[in-house]
1. Report whether or not residue B:270 is over 30 Å from residue A:178 (Cα atoms), at pLDDT 95 or above, outside any loop (DSSP other than H, G, I, E, B) and touching a helix residue (DSSP H, G or I) at 6+ places or on another chain (Cβ under 6 Å).
2. Could you check residue B:318 against (1) under 15 Å from residue B:344 (Cα atoms); (2) away from chain A (no Cβ under 14 Å); (3) outside any loop (DSSP other than H, G, I, E, B) and say which number it fails?
3. Have a look at B:188, B:211 and point out the one that is within 12 Å of another protein chain (Cβ to nearest Cβ) and under 26 Å from residue A:223 (Cβ atoms).
4. What pairs come up if the first residue lies in the range B:348-376 and is in contact (Cβ under 8 Å) with a residue 12 or more places away in the chain and within 14 Å of chain A (Cβ to nearest Cβ), the second is surrounded by 18 or more Cβ atoms within 10 Å (Cβ to Cβ) and part of a helix (DSSP H, G or I), and their beta carbons are under 6 Å apart, counting only those six or more places apart or on different chains?
5. For the range B:336-347, how many residues are modelled with pLDDT of 95 or more and either part of a loop (DSSP other than H, G, I, E, B) or surrounded by fewer than 24 Cβ atoms within 10 Å (Cβ to Cβ) (or both)?
6. I'm checking my understanding of the structure. Among residues of the range B:186-219 that are closer than 19 Å to residue B:289 by Cβ and in contact (Cβ under 8 Å) with a residue 60 or more places away in the chain, which one is surrounded by the most Cβ atoms within 10 Å (Cβ to Cβ)?
7. Does the range A:223-235 contain at least one residue that is at pLDDT below 95, part of a loop (DSSP other than H, G, I, E, B), away from chain B (no Cβ under 11 Å) and more than 20 Å from the chain's Cα centre (by Cα)?
8. For the range A:269-314, which positions are free of Cβ contacts under 8 Å to residues at least 24 places away in the same chain and either within 14 Å of chain B (Cβ to nearest Cβ) or surrounded by 15 or more Cβ atoms within 10 Å (Cβ to Cβ) (or both)?
């Protein structure tokens, strides 16, 4: 495929508005490309205009199945007037291509589509290369949840996620657990405060406890400390009324060393103590819980991806990183807990979800080369053994850097 | 005036819906009564259908001016389906008359109107009895603010407020100060929490400080400790985003010993400390500030009102009380800081602002008798000296009871 054809696919994807939904249009666009290039695929439509797409190529000369995955949705353009480039025009200025999803992650998705088409035409995949395009990664992961139940990841021997990483190798990311604390009190006129039970005061008891709650969580050897934030709070309606209800929502980033169940137990213990020791009444709701995804940095798949990325991204140093951002892999790992997972994607991670989001054309072409190299090399004899790993450069592990 | 005529006035007032406004219709109704009975009055209309009304009777044989005041507005009927008596029908069942404002405070207001009409007809007021009916006491006191500026209270020698007190004598009430704390941070993805500044965390710093902030405030000899509550809180929009803004509102009940200015200074000092010692940025907004109203329990006017109430409310023990609820007197005291202020009103304080609010007919007729007694006795020679006070029973001071 010519470079201008590759770029056109990326532009076409950005021009389809998939703010928190509408993935069907994207899936049908991808399906159209695959049909043209004789790549077998299926669209998994749900909830009206939402859709996943799964496609597979390869000679099946080995039983191994390499998954490559990306999401079709984007976060929304919350403040369009702040954009200097129209978010759905895919405008190119120099090496930059602007648009909602340019980084997160239509550039990675386009590179995966191109990889599938080109390797299929070249008959270059010895085993099976399965492309998994999801819906709703940015909110609730409904698409990945469906595919998990359908068993799409059960037989994967490794998974490559195409989220933007600036060409770096992310071999581990924390989980993500969102919860809500509901505080019930009793209303009263503020002049008779002692006749009521202030639900905000009850909530503040938890908030105070939360500030130090995770200090007791042991450090994960890869991901370090458990990160945690209270991100939404609300309670009360009138300043002269003692509120009978208040709630907060928080986010925690579990690790394998202190996992989602331990996080939940710790929060619930804190709540039980407050409920027992005070007049306040707090309740815990789990909003969602994605486990951490950790592959050891010396895993052969990690080293294969790093070698391929280092060969492709000639303009930069390719290092191993960890991140606190969850991906669809947090869902998929539930169906296949032992598969190695690596994230490798194009530019520009830092502008994901931001105004004037962009990717670089150079990084886009580089990541296509890396993906194709990985999908070909993966099925070569011995590729999944330490033998091949020994050939590649020893991993350069950067200090932990928080990333998307 | 016959009792059924008196009751009709109360019913008519309740049937006029003055939920947080529409006082003009009430003022015009009262004006119609006064016109019929040749009581001079003026209506102070503002903001469309809002209005105060001021009327005056008396022989002016002395320079003293006794004010009697009540508000025409009510809080709203938030949950009409929960009412078993239609809130604007003024339904009588036994000794109870139901309706929004029956207690707070159309019964007190009606008693004041009747007092004015009857004493005017009887030519029984030696000095000047000024009736001040206000708008918007329940929210923002726009009516009292206007009257204050017009100088309506400047020459008052004493003020009687007709809020429901169940026939008890309230000689002091705390002030009421509502404030807002705004917390500004910097948003970030929750996966990159340390790249942001969590505005909720900043707000929680203040909330934690607020819990003990007023422990250092000295006790008022009459009102005791400064009461304080955080009553509204809000911040954050999405659980996966570190919030860049959060705010809370709180209520404080200042006393003369620790007054509104000291309360404001204390809060601002706490905020300055947080701003200086952390990355958080908090700002203070004053929403409104009503000073405390305290008259010493041995003030002759307090004792006169107590004697009259004891004579009228033969079915109960009439005691001296304090309360934390603010009234229009908190506004009026600004224009006349030394005037004695007493609150005396009918039943049923506890159901103010509640579903199936009611007053008692017996209490309504009793408070009319008390008001008329007070307005006549006040202008008798020596009534404002210790000489008269010495005749009345020594004050029975109850322990502080928090009241509306």
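The values are calculated or read from the model by the stated rules, or taken from the named source; none is laboratory data. As the structure is a prediction and not an experimental result, all values here were calculated from the model. Every residue, glycine among them, receives a Cβ derived from its backbone with ideal geometry; neighbour counts consider all protein chains shown.
1. When the stated conditions are applied, residue B:270 passes them.
2. Going through (1) under 15 Å from residue B:344 (Cα atoms); (2) away from chain A (no Cβ under 14 Å); (3) outside any loop (DSSP other than H, G, I, E, B) one by one, residue B:318 breaks only (3).
3. Exactly one residue qualifies, and that residue is B:188.
4. B:351/B:103; B:352/B:103; B:352/B:104; B:357/B:102; B:357/B:103; B:357/B:351
5. Residues that pass the stated criteria total 7.
6. Going through the qualifying residues, I end up with B:206.
7. No, that holds for no residue.
8. Listed by number, the list holds a single entry, A:275.
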